[in-house]
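Okay, so here's the structure we're looking at.
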Amino acid sequence: MATAEQLKALVRSCAEGDQAQFLSVAMQVAAHAAKQGHSKLAQELRSLVDQVRTRGPDRTLPTRSAHAPR
C-alpha cells in the first residue's frame with residue numbers, strides 16, 4: 001500500500017498536470033508494494049505505468065467502474 005506521502009504526491013502531481021511526476025510516484029508505489037509482498041499490485045501498477053508511457057502524454061487509459069466485477 002502507498003504511504004501517505006506518496007498519496008499526497010500523486011494528488012499534487014495530478015492537480016498540477018505533471019504526468020512525469022505522477023508516473024514516477026506511481027512506480028515508487030509499485031516498488032513499495034513489492035517490498036511489502038504485494039506482488040500482484042506491484043505488477044499491475046508497473047503495467048499501467050508502462051501502458052501510459054507507451055501511449056504518450058495525450059492519451060489516457062480506459063477506466064473501470066468502482067463497482068465493475070474483476
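All of the numbers you see were taken from the coordinates with simple rules; none came from a lab. The structure displayed is predicted, hence computed values, not measured ones. In this analysis, Cβ positions are derived from the backbone assuming ideal geometry, glycine residues included, and neighbour counts consider all displayed protein chains.
Just a few scattered comments:
- Order of E5, E44 - criterion: other Cβ atoms within 10 Å of each residue's Cβ, fewest first: E5, E44
- Computed from the Kirkwood radius of its Cα pairs, the Stokes-Einstein diffusion coefficient for the range 4-55 at 25 °C and 0.890 mPa s stands at 222 µm²/s.
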